[in-house]
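Down below is the structure, laid out as structure tokens.
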Amino acid sequence: MPAHVTIKDIARMLNISISTVSRALRDAHDVNPETREKVLQLAKELDYKPNFNASGLAGGGTRNIGIILPFITNYYFSMVITGIQEMAYAKGYNIVLYVTNDSPERELDVVKNLNTQNLDGVLVSVCSDSAANCNFERIIGEGTPVVFFDRVLGGVDASRVVQDDYNGAFEAVEHLIQQGFTRIAHVAGPADLDFTKNRLAGYLDALEKHDMPANPKWIIHSGFSQAHGEADLTSLFDQAERPDAVFAVNDRKAIGVMQALRARDVAIGRDFGVIGFTNDPMSTIISPTLSTVAEPAYEVGKLSCELLLQHIVRKSNFQPREIVLPGMLIPRESTLRTLR
């Protein structure tokens, strides 16, 4: 056998056409399952490595997927990328990362200059104050498949994969209420993001269910960092009437809230409840440990990529879909009133 096994070699050995081998390797729907299995098994035995440039020319695609996202060091997004990578590589696709550092200017520059000729599709999680709606609509209008995940843009007709932000928030706030907290604030994300709106709606509806009034002064919109959490808690404590608990839009902000409370010698858990959203590893390291709603980050990445690949295969025949994955409430010490 040659040092580099090609699709032609596999086709010759199985006595089938090159196009059949190509379709089987990219999991096309019109390949007999038995034939697909034979192709995949032989490709594995021969340690076949796809030639992305050649396969792109032969199949009218590049075998490249673009990923636009705010961060790569963030735990949530690192897990999302892991899920995307595993699905993409299993199907013979390369990934190309574009990191915006959560900057709307950087995101706009990336999207405006995106070379879609070299990409079969794009996965997108927008930055906090995204202003790229028109540009994403242009890309979609030109025929490039786009799937949004986690942070999605309202008003753009595209597929999306998200966690159940509304019910996760509802459960988080109801947990605080069940622990005896009665004055619950919400340190939220940027107001224009869909998941910020959904988590805010869950917060408000949980209060309404338990006949607790919502204090508009206790709803603070800002960024997602620990520093934002500390600043938000300071704003809450500067008010004449203070809350006795906080539901934070993510764990990093919740940890910032806890740091600010600790600086004020407030007993977290016993006297003041804090709950986040993500299940960042830091939530189990900090003391007291942080109650949170776990997000299925790996599954979001895997399903986003799987959905994009379906778009790529079917192109204009594929209708936009929304996949919503459930989160899971994880109570820890930061909401336990019995904590000493």
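The values are calculated or read from the model by the stated rules, or taken from the named source; none is laboratory data. Since the structure is predicted, the reported quantities are computational estimates derived from the model, not experimental observations. A quick note on method: Cβ atoms are made from the backbone with ideal geometry, for glycine too, and the neighbour counts reach across all protein chains shown. Ligands, DNA and RNA are excluded from the accessible area calculation, which covers all protein heavy atoms including side chains. Shrake-Rupley method; radii C 1.70, N 1.55, O 1.52, S 1.80 Å.
With every atom except the alpha carbons ignored, what do you get for Rg and Dmax of the stretch 164-314, in angstroms?
Cα radius of gyration and Dmax of the stretch 164-314 are 16.1, 59 Å respectively.
Take the chain, connect every pair of alpha-carbon atoms lying under 10 Å apart with a spring to form a Gaussian network, then pick out the residue of 32, 250, 74 with the largest mean-square fluctuation.
Looking only at 32, 250, 74, the largest GNM fluctuation is found for 32.
Going through the stretch 276-338, which chymotrypsin sites (Phe, Trp or Tyr not before Pro) have at most 16 other Cβ atoms within 10 Å and a DSSP loop state?
Taking the stretch 276-338 and a limit of 16 other Cβ atoms within 10 Å, the loop chymotrypsin sites (Phe, Trp or Tyr not before Pro) found are 318.
Figure the gain on full extension for residue 96 and residue 117 (residue separation times 0.36 nm, minus the Cα-Cα span) and round it to one decimal in nm.
6.2 nm is the gain from fully extending residue 96 to residue 117.
Please give the net charge around residue 223, taking every other residue with its beta carbon less than 11 angstrom from that of residue 223, where Lys and Arg add +1 and Asp and Glu add -1.
With Lys, Arg at +1 and Asp, Glu at -1, the net is -1.
If you roll a 1.4 Å probe over the heavy atoms of the protein chains, what accessible area per residue do you get for the stretch 162-236, in Å²?
41
Do the sum for the chain: with -39,500 (n - 2.57) for every DSSP H run of n ≥ 4, divided by all residues, what is the mean residue ellipticity at 222 nm, to the nearest 500 deg cm²/dmol?
Helices in the chain give a 222 nm mean residue ellipticity of -13500 deg cm²/dmol.
Taking all protein chains in place and a 1.4 Å probe, what share, in percent, of the accessible surface of the chain do carbon and sulfur account for? Show your work: numbers first, answer last.
Details: 7710 of 15570 Å².
Here it works out to 50 percent.
So which trypsin sites (Lys or Arg not before Pro) in the stretch 189-274 are both in a DSSP loop and have at most 15 other Cβ atoms within 10 Å of their Cβ?
264, 270
Using amide H atoms built in the peptide plane, which far-off residues or other-chain residues are under 5 Å from residue 325 H to H?
Those lying under 5 Å, H to H, from residue 325 are 162, 163, 164.
How much FRET efficiency would the formula 1/(1 + (r/R0)^6) give for residue 234 and residue 8, where r is the Cβ-Cβ distance and R0 is 51 Å, rounded to 0.05?
According to the calculation, E is roughly 0.15.
Working only with C-alpha atoms, what are the Rg and Dmax values of the stretch 107-249, expressed in angstrom?
18.2, 58
Count neighbours as other Cβ atoms within 10 Å of each site's Cβ, and list the GluC sites (Glu not before Pro) in the stretch 65-173 that are DSSP loop with at most 14 such neighbours.
Qualifying residues, ordered by number: 142.
Thinking of the stretch 38-195 as a set of Cα atoms, what percent of all their pairs are more than 20 Å apart?
Working: 7275 of 12403 pairs.
Here the long-distance tail beyond 20 Å is 59 percent of all Cα pairs in the stretch 38-195.
Excluding same-chain residues fewer than 8 positions from residue 197, which lysines have a Cα within less than 29 Å of its Cα?
Partners within reach: 112, 209, 217, 253, 302.
So which aspartates and glutamates can residue 8 reach, going by Cα to Cα under 18 Å and dropping same-chain residues fewer than 8 places off?
Leaving aside aspartates and glutamates fewer than 8 places away in the same chain, those within reach of residue 8 are 27, 37, 45, 47.
Amide H of residue 64: which non-local residues (sequence gap of 5 or more, or other chain) have their own amide H closer than 5 Å, using H built in the peptide plane?
94, 120
With N set to the number of residues, divide the alpha-carbon radius of gyration of the chain by 2.2 N^0.38 Å and report two decimals.
1.17
Mind checking the angle between helix 194-209 and the chain's longest principal axis? C-alpha axes, 0 to 90 degrees, to the nearest 10.
40
How many percent of DSSP beta bridges within the chain run antiparallel, rounded to 5?
Approximately 10 percent, going by the DSSP bridge assignments.
Separation between the residue 106 and residue 317 pseudo-spin-labels, each 7 Å from Cα along Cα→Cβ, expressed in nm?
Between residue 106 and residue 317, the simple spin-label model gives 4.0 nm.
Please list, ordered by chain and number, the residues whose modelled amide H lies under 5 Å from the amide H of residue 183; skip anything fewer than 5 residues away on the same chain.
Those lying under 5 Å, H to H, from residue 183 are 244, 245.
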